[in-house]
1. Out of the total accessible area of the range A:27-246 (probe 1.4 Å, heavy atoms of protein only), what percent is carbon and sulfur?
2. What dipole magnitude, in Debye to the nearest 20, does the range B:218-285 give about its Cα centre under +1 on Lys/Arg Cβ and -1 on Asp/Glu Cβ?
3. Thinking of chain A as a set of Cα atoms, what percent of all their pairs are more than 44 Å apart?
4. Largest first, how would A:K432, B:K91 line up by accessible area (1.4 Å probe)?
5. Give me the compactness ratio for the range B:283-443, meaning the Cα radius of gyration over 2.2 N^0.38 Å.
6. Kirkwood hydrodynamic radius (Cα pairs, Å) of the range B:234-345?
7. Accessible area lost on pairing B with A, both sides, 1.4 Å probe, Å² to nearest 100?
8. Report the FRET efficiency, 1/(1 + (r/R0)^6), for B:K312 and B:S138, where r is their Cβ-Cβ distance and R0 is 56 Å, rounded to 0.05.
Number of protein chains: 2
Amino acid sequence: MAPALLPASFPLCVCLLLVSGVAQAGKLLVVPMDGSHWFTIQSVMEKLIHRGHEVVAVMPEVSWQLGQSLNLTVKTYSTSYTLEDLEHEFKVFAETQMTGPRLFSILFGSSNGFFELHFTHCRSLFNDKKLVEFLKESSFDAVFLDPFDVCGLIIAKYFSLPSVVFTRGVFCHYLEEGAQCPSPLSYVPRLFMEFSDVMTFKERVENYINHLGEHLFCPHFFKTALEIASEVLQTPVTPSDLFSQVSIWLLRTDFVLDYPRPVMPNMIFIGGINCHQGKPLPKEFEAYVNASGEHGIVVFSLGSMVSEIPEKKAMEIADALGRIPQTVLWRYTGSPPSNLAKNTKLVKWLPQNDLLGHPKTRAFITHSGSHGIYEGICNGVPMVMLPLFGDQMDNAKRMETRGAGVTLNVLEMTSDDLANALNTVINDKSYKENIMRLSRLHKDRPIEPLDLAVFWVEFVMRHKGAPHLRPAAHDLTWYQYHSLDVIGFLLAIVLGVAFITFKCCAYGCRKCFGKKGSVKKAHKSKSH
Amino acid sequence: MAPALLPASFPLCVCLLLVSGVAQAGKLLVVPMDGSHWFTIQSVMEKLIHRGHEVVAVMPEVSWQLGQSLNLTVKTYSTSYTLEDLEHEFKVFAETQMTGPRLFSILFGSSNGFFELHFTHCRSLFNDKKLVEFLKESSFDAVFLDPFDVCGLIIAKYFSLPSVVFTRGVFCHYLEEGAQCPSPLSYVPRLFMEFSDVMTFKERVENYINHLGEHLFCPHFFKTALEIASEVLQTPVTPSDLFSQVSIWLLRTDFVLDYPRPVMPNMIFIGGINCHQGKPLPKEFEAYVNASGEHGIVVFSLGSMVSEIPEKKAMEIADALGRIPQTVLWRYTGSPPSNLAKNTKLVKWLPQNDLLGHPKTRAFITHSGSHGIYEGICNGVPMVMLPLFGDQMDNAKRMETRGAGVTLNVLEMTSDDLANALNTVINDKSYKENIMRLSRLHKDRPIEPLDLAVFWVEFVMRHKGAPHLRPAAHDLTWYQYHSLDVIGFLLAIVLGVAFITFKCCAYGCRKCFGKKGSVKKAHKSKSH
């Protein structure tokens, strides 16, 4: 770079004016997903409400987070399960995820029950005739949904509304199928495989088999959801019917975390949508940080879904944390481990992003959920990752291959492992350098993810979809898509021509040499 | 939409701050392409210069437009050809393009000479030792190039500089290969095929054969360029070596014109970068428009590269133009046809975008070059398209399938055809409705294409490339990419297991039934 500096106040300013400068307030139906999924969809809804749109969210009565701290119209419906059922099923899900192969534990294992609960509340929604009537009469412009529980897609189809999907990913191959997006298995690792984009032959074989497995077994996983969809829509429904109607895919992906791969024009990447400029710390935390001295602090949280761990494991962790010179702020609601060291402060809640943004933060111990990972990237904090379930193992693998963190198996790790990992990411400068490089790349973007998400939701509301971004591939059969009929036809011609040429040559040869042969023979027999 | 209107001044404002708010001025090397290509790359350069970057352009001494009207450092080098040679070769190119199959006329026909001229000036550049020394010592941050003449790619490789490519497309399959972008032949028509994304079986076969032809014959087309690259880089160079080094592809594509298809994360779409808010018309044109009455005007231009046509054709056109009630403004530098009607005004130049933006403009007769097409879309003017060469036939096909224009073959059309086409696009309301729909979609974007282009050029300058957007596919062989080794391995296992199972069964059967059989036989023979 040349040394000349432009003034710091030299921004490239872009103004988004809605439809020729006049913005029309629209009506948006939101079908969110519970748990940590709620936090990010909430930020988009808040901005849409702030921009004057009427936002109505439909939610099951029983939930953890849904509808919290948001000024919107909420329509609830009763469910056939209680909060205890939900919590029990989630616990089973998380535990089986931690111990077995993740995809197949979801498809077949006992963790399936968690998804079944989510699928079934769609039936409860459509049984609530008053609610359905209200939704029908509301004339929404679009549906904004999390595809995790499929009900949003069923609602979109039932009311013939254009849909914007907001997600980190979709189980099985339905994102690729729904968006008609190629996904070469040679360098695009499947969900839950914990592979990087550079795979060994063995890994590529496993990736391929996993993909075949998805095609075989995923319809079974979505069976209940599809049965409900078929009942509601009064016609047999396939996953493709539901997923291929989507107008815009808002994907919480950024290519500093995920590996670059083919995408489609209606996929919009808003990874890091939850990153914000750090706010000043509350007094309690400010005091901890100030008292930490030159060694600074370590932030430790296993996310909003897990706040307690078995006592033995908690003691191992407490032991490791006591062996580093940093002050550790640990979000933990269980009873304090008896061996808790002086440098470790247990808190029921912590301002994660603001703490990560503090210059004294040296490391982040995380379950590597995508929210935490993006906050770590955003603030440039090296990580020790203890993935528990879902996409967390994949997230950890991605950060590890980029040299920005160390992954540990929470069930198998010893206190030595954790202490060593912490010392490594704090003292080996390469980890800080790598995460800072990722952070610079991640934050250097032409438009903020939240603004981009809001733009595309409004785009779909304004234009009643985005049909110009829908690829013609949707109207092809699988063999047409892969040109198998064309290849077959061309092969038939080539083989046909080769066969006829061969036959002609053979005939010609017989005619020429055959006659000569018989002349010779005749000649010979005469001479005898 | 709900009726409530937000104030017109309710913009969603986004500010792009360069690297933490401090923008560093960089040094950029530009290798542009001549002709109409110059006009759009120029707008990006202007903005980069305005933002304080040092921009140096290297250009051949002999050119049509290069370097015109721009305040930048220009470094020229002598060429082995004259302006007459260039003009002659272009004429041959345009004429053969109009009469034969376009791809193969470029690959083999006499129009090849036009490209050979462009390829050879790269040798002249590298023979200019003083210029090469200057470029070496300049320590540029990046190269910004039009890949049409390949020299920019050779320069990027020679000086090991990250590159940003600015183009509407790339001949042959080198965009797909260079970016590792899948391009399903079943719905992505190849360049010059004039197919839409919905193809018949016959068209899909032709598309497939064309693609095979590209793989067979394109290395021949690029032979001279590759020879020069090999001389310069002192190692054998393949097209893939040149095209796969690109950091960012700035593609003049927008999905209201081009068909949606798989793309890659380092492809940035800036179609319509040349569209601007119409400025007030110069007095001469203002007078024409005001005098046109209720019928309004028709704008007619065959682009900057063609300003004369054969006298007979010009008379046919003049005849057709005389039969519509609109005033026609025709950009034409030849001698006026003798039958020119009163409503037709010949002008040597016209402010095309400003005229198209005037509410009295009813239609646009265009050669359907991408600049003109985007100006037509931007301003919502239905078109009569007379494509001449290059991608113009494809552009025309795209607008025609979207119901926004009528295509005529300029060689075969009669004056009746032209008059009918004009009357159709002016009087059949569907054309105006369709182009207005496209216009609304096209202009409704989160960030202006020019700002986006500038952002990504600066991004590559700041980060010395965009390695995080480079897919791992670049490091795979073709059979690994398509998982053929994995499929072969799995097939071998399946067939092996099937074979062993069959053999075991057969052996088992023989053991069981074979013995029984022989016992029976023995029994039979005994009883006899």
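1. Accessible surface attributable to carbon and sulfur in the range A:27-246 totals 54 percent.
2. In total the dipole reaches around 280 debye.
3. Beyond 44 Å sits 26 percent of the P(r) for chain A.
4. Output order, biggest surface exposure first: B:K91, A:K432.
5. 0.94
6. Hydrodynamic radius (Kirkwood, Cα only) of the range B:234-345 equals 18.4 Å.
7. 7300 Å²
8. With R0 = 56 Å, the Cβ-Cβ based efficiency is 0.60.
The values are calculated or read from the model by the stated rules, or taken from the named source; none is laboratory data. Just so you know, these numbers come straight off a predicted model, no measurement behind them. Cβ sites come from the backbone with ideal geometry, for glycine too, and all protein chains shown count toward neighbours. Keep in mind that these areas ignore ligands, DNA and RNA; they rest on the heavy atoms of the full protein, side chains included. Shrake-Rupley method; radii C 1.70, N 1.55, O 1.52, S 1.80 Å.
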